[in-house]
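The values are calculated or read from the model by the stated rules, or taken from the named source; none is laboratory data. Please read these numbers as outputs of a predicted model, since none were measured by experiment. Cβ coordinates were reconstructed from backbone atoms using ideal geometry, including for glycine residues, and neighbour counts include every protein chain displayed.
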Amino acid sequence: MITGVVLAGGQGRRMGTVDKGLQLLRGKTLVQWVVERFAPQVDELLINANQNIEQYQILNYRVIPDAIGGFAGPLAGLHRGLSEAAHPLVVTAPCDSPFLPLDLVAQLKAALDANKAELAVAKTGDQPHPVFSLCRKSVLPSLTAFLESGGRKIDAWYAQLKVAEVQFADEAAFSNINTRDELAGYEGRA
């Protein structure tokens, strides 16, 4: 049983401080694209958001803001997701990656189990994608200690864990849309 957490808690600074998850791409918000691909892969879905909560609630999933203030980044969203998850495994995906793989969770879980790892992270080529990861709920104390010590970088935290990296062939599936120009570029693609 797996809980999925859509990470939509950022400030969208590179997009002009707008809520990225609520930006439209081909008539749907970015978060809608992510939910449509991610929700069928998990047993429970939570949305981590720190602003525009009512707009995220329209999607009919529980919306959970960070427990740590100040827009502390994706680890704060994972922290809250681990704290709220009903299941022993938690997988994350960002709200600005509308084309995430349809087999993301299955691939991450297979690697987590095969390697008896604490965390499985997606990778394309030499590039890890740490916001696409599956971890055991038992990592919560280590994450809490890391955040309380001022840590914010995902890879610095998970370097302390037993990690399985999962190679995916399709780099485009992990593309995230950070700017208005990138959003406009995807608008025109078929």
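Residues checked against (1) modelled with pLDDT of 90 or more; (2) exposed (fewer than 14 other Cβ atoms within 10 Å of the Cβ):
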| site | (1), (2) |
| --- | --- |
| Arg13 | no, yes |
| Leu22 | yes, no |
| Trp33 | yes, no |
| Leu46 | yes, no |
| Glu54 | yes, yes |
| Tyr61 | yes, no |
| Gly73 | no, no |
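Going through the range 24-39 one residue at a time, which ones are among the basic types (Lys, Arg) and in a strand (DSSP E or B)?
Lys28
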Do we find that Ala114 is of a type in the set (A, V, I, L, M, F, W, C), more than 12 Å from the chain's Cα centre (by Cα) and modelled with pLDDT under 95 in this structure? no
Residue list for the range 40-75, filter: closer than 22 Å to Leu104 by Cα and part of a helix (DSSP H, G or I): Pro40, Gln41, Pro74, Leu75
Conditions (1) surrounded by fewer than 16 Cβ atoms within 10 Å (Cβ to Cβ); (2) within 15 Å of the chain's Cα centre (by Cα) -> Phe99 fails only (1)
Can you tell me which residue among Asp96, Asp181 is part of a loop (DSSP other than H, G, I, E, B), among the acidic types (Asp, Glu) and closer than 30 Å to Leu24 by Cβ? Asp96
Might you let me know whether the range 146-153 holds any residue that is at positive phi, part of a loop (DSSP other than H, G, I, E, B) and not polar (S, T, N, Q)? yes
